[in-house]
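The values are calculated or read from the model by the stated rules, or taken from the named source; none is laboratory data. Note that the structure is a prediction, hence the values are computed from the model and not measured. As a convention, Cβ positions derive from the backbone with ideal geometry for all residues, glycine included, and neighbour counts pool all protein chains shown. Surface areas here come from the heavy atoms of the whole protein model, side chains and all, with no ligands, DNA or RNA. Shrake-Rupley method; radii C 1.70, N 1.55, O 1.52, S 1.80 Å.
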Amino acid sequence: MATDNKIQFWRRNAKVPGSLQPVYGAQHPPLDPRIHRTFLKDASKPNTLSIKSKKASSFHEFARSTNDAWDIGDDEDEDFLGAARLSSLSPSLPSAPQPPPSSLSSSNNLNVTEAPPDTVAPQNPEVGPDVIKMDSRPANGRVVKSCSEAQLSTATVRSPLQKQQSLPIRPIIPLVARISDQNASGAPPMTVREKSRLDKFRQLLASPNTDLEELRKHSWSGIPREVRPVTWRLLSGYLPANMERRDLVLKRKREEYFGFIEQYYHSRTDEHHRDTYRQIHIDIPRTNPLIPLFQQPLVQEVFERILFIWAIRHPASGYVQGINDLVTPFFVVFLSEFVEEDVENFEVSALPLDTQRNIEADSFWCMSKLLDGIQDNYTFAQPGIQIKVKALEELVSRIDEDVHSHFQRYEVEYLQFAFRWMNNLLMRELPLRCTIRLWDTYQAEAEGFSHFHLYVCAAFLIEWRKEILSMVDFQGLLMLLQNLPTIHWGNEEVGLLLAEAYRLKYMFADAPNHYRR
């Protein structure tokens, strides 16, 4: 009888000690009803989340009901200092670094819901589990990696939340993790307008002294993939406008970065920097966990070096969680200069060592330029973020009083959802492909990351006006705002969002009396 009672107890209680708790966001999306509508009707309904009959009506009740949602085991950072001591960095960079301990167990840290077997797309019978058909070869100085289109075509069939298989085997990428533009696969040939824009960019970039204002004007509506790397280097201030000086500046800055590594990186195990390195070491495997590119040990070590060197060179802020996300767009864009397609699965170790070093150094300097403009977001008490969240609240109260009143009625504080929007620049709310397009415009704006981002957040919030007003309880509102359904977004949706943000900026930025109540 006692045994039966125990069995019944564990059947009634879904949240057993040590069980995985789903945590959703742009990088951990829920099942999309448009894709899985029939699956939700037909499949059995295992209740992985303990749904309470009484919905939380205040923040304190909501916090009590989700107090274990962010619990993290201590096993992920065990012996990280031991691993750091074992891996020594030479000036030429290791070609095959060992994975950090936390990356070996990163699958245990992903709070995802595995789809039933009947929803998984069948594997290609011609491709065995240990044999992958791919061709990596240099072509005109570029590494081109061709892969089976049959496997790519099944990417959207598998559930976005299905756990990945082992990394050495080419996994199927869910839509949310696709780095390429949403309509890139099977897209028609470049239109006349697109070709004309690309020619204009190339003409600007080839001039002896690039007109940066003209370049910004053309970049606002998106930068062609072929010229995005050099355009980002120019717009961020990393490269000079003068053509003759560029090679010299690149050589000097890259050597300077690796000089920092030789001088400081060995100190990551010192008592003074140990906590900083420990936090970086824990956060790196959580960065874009659905994209295999960022789970490669070589890439994770690159990110660790970039973030650690930046942290010790900026002691006023040091490393703050969220900065790790800001490296990824630069790394992907500079990597795409050498990869024609399928960046998500590209094995970085296939690149020449000098190319790996150049991508790492360029990512460090461009991220540093970005953070120079928003460093008050990451200093003590993060005053920059608090000011921006308050400004967002005032702006929304002027442009949509219904939404603002709805938040007040159900005691939703802007800081509870907008803090992450400011801290991570919407990277947790949008797929990475959308972030890259968004940053094209941010790079083109004079104060894109610090000032224009406020209006993008306001436009992003009002985009979900109908869904927000349909929620009539605190818990439903907060879960919606932390899990906005952007999985299908692409360039078109981001373009409309930016147009609305520009309209808001035009109306309110230069009219402070209208901005305030």
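For region 201-226, taking the residues that are surrounded by 15 or more Cβ atoms within 10 Å (Cβ to Cβ) and charged (D, E, K, R), the one that is nearest to residue 447 (Cα to Cα) is identified as 216. For region 234-241, check the following and say yes or no: at least one residue is over 27 Å from the mean Cα position of the chain (by Cα) and within 22 Å of residue 367 (Cβ to Cβ). Yes; the residues of region 234-241 include at least one that is over 27 Å from the mean Cα position of the chain (by Cα) and within 22 Å of residue 367 (Cβ to Cβ). Taken over region 428-445, residues that are touching a residue at least 40 places away in the same chain (Cβ under 8 Å) and either of a type in the set (D, E, K, R) or under 23 Å from residue 394 (Cα atoms) (or both) amount to 6.
Criterion applied to 402, 376 was being surrounded by 15 or more Cβ atoms within 10 Å (Cβ to Cβ) and farther than 30 Å from residue 295 by Cβ, and the one residue passing it is 376. Screening region 447-504 for residues that are open to solvent by 10 Å² or more (accessible area, probe 1.4 Å) and among the polar types (S, T, N, Q) and picking the one that is nearest to residue 222 (Cα to Cα) gives 491.
Among residues of region 367-396 that are touching a residue at least 40 places away in the same chain (Cβ under 8 Å), those with a beta-carbon under 8 Å from a residue that is assigned to a loop (DSSP other than H, G, I, E, B) and open to solvent by 60 Å² or more (accessible area, probe 1.4 Å) at least six positions away or on a different chain give the pairs 373/447; 375/316; 379/316; 394/516; 394/517. Inclusion of residue 194 among residues that are within 27 Å of residue 343 (Cα to Cα) and out of contact with any helix residue (DSSP H, G or I) (no Cβ under 8 Å at 6 or more places or on another chain) is warranted.
One residue alone among 439, 421 is touching a Cys at 6+ places or on another chain (Cβ under 8 Å), open to solvent by less than 20 Å² (accessible area, probe 1.4 Å) and not small (Gly, Ala, Ser), and that residue is 421. Considering region 463-490, the residues that are among the small types (Gly, Ala, Ser) and outside any loop (DSSP other than H, G, I, E, B) include one that is nearest to residue 503 (Cα to Cα), namely 470. Residues that are open to solvent by 10 Å² or more (accessible area, probe 1.4 Å) and more than 23 Å from residue 370 (Cβ to Cβ) within region 286-311 comprise 290, 295, 296, 297, 298, listed in sequence order.
Residues in region 400-440 that are over 12 Å from the mean Cα position of the chain (by Cα) and of a type in the set (Asp, Glu) were compared, and the one that is farthest from residue 484 (Cα to Cα) is 440. Meeting the requirement of 1 or more residues that are hydroxyl-bearing (Ser, Thr, Tyr) and out of contact with any Leu (no Cβ under 8 Å at 6 or more places or on another chain), the helices (runs of 4 or more DSSP H) wholly within region 367-441 are 383-399, 401-409.
Out of 344, 360, 340, one residue alone is open to solvent by less than 20 Å² (accessible area, probe 1.4 Å), among the acidic types (Asp, Glu) and modelled with pLDDT under 95. It is 344.
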